[in-house]
1. Suppose we keep only residues that are hydroxyl-bearing (Ser, Thr, Tyr) and surrounded by 17 or more Cβ atoms within 10 Å (Cβ to Cβ) within the stretch 142-160. Which one would you say is farthest from Asp18 (Cα to Cα)?
2. When residues of the stretch 330-361 are filtered for being among the charged types (D, E, K, R), touching a Leu at 6+ places or on another chain (Cβ under 8 Å) and modelled with pLDDT of 95 or more, how many remain?
3. Does Val194 satisfy the criteria of being β-branched (Val, Ile, Thr), out of contact with any Asp or Glu (no Cβ under 9 Å at 6 or more places or on another chain), assigned to a helix (DSSP H, G or I) and touching a residue at least 40 places away in the same chain (Cβ under 8 Å)?
4. Could you say which residue among Leu353, Leu318 is over 27 Å from the mean Cα position of the chain (by Cα) and not basic (Lys, Arg)?
5. Can you go through Ile39, Ile20 and tell me which one is surrounded by 19 or more Cβ atoms within 10 Å (Cβ to Cβ) and in a strand (DSSP E or B)?
6. When you scan the stretch 204-290 for strands (runs of 3 or more DSSP E) that lie fully inside it, which ones turn up with 1 or more residues that are under 30 Å from Arg302 (Cα atoms) and over 26 Å from the mean Cα position of the chain (by Cα)?
7. Looking at Asp58, is it farther than 17 Å from Arg123 by Cα, outside any loop (DSSP other than H, G, I, E, B) and without any contact (Cβ under 8 Å) to a residue 60 or more places away in the chain?
8. State which residue pairs qualify: first residue under 16 Å from Glu390 (Cβ atoms) and in contact (Cβ under 8 Å) with a residue 12 or more places away in the chain and inside the stretch 211-230, second residue part of a loop (DSSP other than H, G, I, E, B) and β-branched (Val, Ile, Thr) in any location, beta carbons under 6 Å apart, and separation of 6 or more residues or different chains.
Amino acid sequence: MNIIDLVTAASPAKDHADFIENTLGSRFAEVRDGKIPFIVHGAGSAGARMVPVFRALDLEPVAVTDNAPEKIGSSIQGLPVLDPETAHARHPSAIVTLAAGKYQQEIAERLRSAGFGEDQIVRTSPDALRFYTHIEQWRWTTADLARHAPDLEKTYALLSDDESRRIFVQRLALLHNPADYRSWQRHLAENSFVRRYPPPQDKGAPESHYYFNNDILRLGTGEILVDCGAFDGDTLYHFLKRKPAGGKYVAHCLEPDSHSFAKLHEVAHADPDVFLYRIGAWSEKATLYFENLGTTDSRISRAPTPTRIEVDRLDDLLLGRPVSIIKMDIEGAERQALRGARALIRENRPALLISVYHRRDDLFEIPGLIDEIVPGYRYYLRLFSDDFTELVLLAVPERDQDE
């Protein structure tokens, strides 16, 4: 079977009843049949993403509501943004679905005070809401699959084990029909490291533990890590924790966010084998706008921001130095950073731990880029989280796998 046939066969049913039931509650049939109107509460990014999903199902909200005064009078996806009182006056029988993972109780209280009954307010679970509102941005249409079929076929052929191929096909299938939450939960149950191998209650998010505790990467007594997107030192912590007695582990940690860099410095503890760089990895030396948030969402920005950071090629920073592992989790800048590390990768053939979930096409473009830089890697996909994030490509030189 070709990749399109594999994805089509693995795609969930197209009725989207799962999405409708979760977002419109027990009265979804009345909404579906046009007997009562419905409103989306939340004029933020979640609300903006939910409206197109409803429209794809031929369901049209009558309005969007929000509690923030500054948003009232604006529009979301062509729908008016109303305060709850005005919305109730215009649509007193409407169902209100909450496009907000936080503050649901406070929002419900405001809606009740505006006149909506408790049976008119639908609280979607935060986990399901994250799925519905984020997955839409990565959707694969049938035309997308056909257009990228050669690249998808190549990536599928590069993957080295059944688990990786299963994750690849299932991920594409879920994105081909993105509103099936039950199928997504089955995917997590089968593939999530968090569910299969619960992480220790330790520093950092689970993926920082799994980078060095998985079934693919084999650590030796001497390792040299380049950590791009070192954040607050969580990956560094777990890397040093794996160092065996008598071993020597060296780390080069890049983190441009000023808040996170301060925390990273604390984890390093003036270790003489840990080198810190307040800089971003990129394809060339430049100064770029940056969202300096102090969180895992800090990232390079195309739009002007108050903060600008220095970025550079790993080839210029580290070429000539030995490297055994390169990890990149840099919020969509992975492709640019890999292009700036061509010589370093060719010279050292390090193991690569690369996030492939920030941009939709990373799933096939990053394996293809690495294979172009230097052939002879084996490729594995592993899901190091319990949601749609932290899908990691582990690229390991064949010589390491053969030892």
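1. So the first thing to find is which residues in the stretch 142-160 are hydroxyl-bearing (Ser, Thr, Tyr), and the list is 142, 155-156, 160.
The next check asks that each one be surrounded by 17 or more Cβ atoms within 10 Å (Cβ to Cβ); those that pass are 155-156, 160.
Working: Thr155: 31, Tyr156: 29, Ser160: 33 Å.
Among them, the one singled out is Ser160.
2. Our first condition is that a residue be among the charged types (D, E, K, R); within the stretch 330-361, this holds for 331, 334-335, 339, 342, 346-347, 349, 359-361.
If we keep only those that are touching a Leu at 6+ places or on another chain (Cβ under 8 Å) too, we end up with 335, 339, 347, 360.
Still in the list and also modelled with pLDDT of 95 or more: 335, 339, 347.
Residues flagged as among the charged types (D, E, K, R), touching a Leu at 6+ places or on another chain (Cβ under 8 Å) and modelled with pLDDT of 95 or more within the stretch 330-361 amount to 3.
3. Details: β-branched (Val, Ile, Thr): yes; out of contact with any Asp or Glu (no Cβ under 9 Å at 6 or more places or on another chain): no; assigned to a helix (DSSP H, G or I): yes; touching a residue at least 40 places away in the same chain (Cβ under 8 Å): yes.
No.
4. Leu318
5. Ile39
6. The qualifying strands (runs of 3 or more DSSP E) are 274-277.
7. So Asp58 does not fit the description; no.
8. Note: pairs meeting the criteria are Cys228/Ile330; Gly229/Ile330.
The values are calculated or read from the model by the stated rules, or taken from the named source; none is laboratory data. It should be emphasised that the depicted structure is a prediction, and the values quoted were computed from it without experimental measurement. Ideal geometry is used to build each Cβ from the backbone, glycine not excepted, and the neighbour counts take in all protein chains shown.
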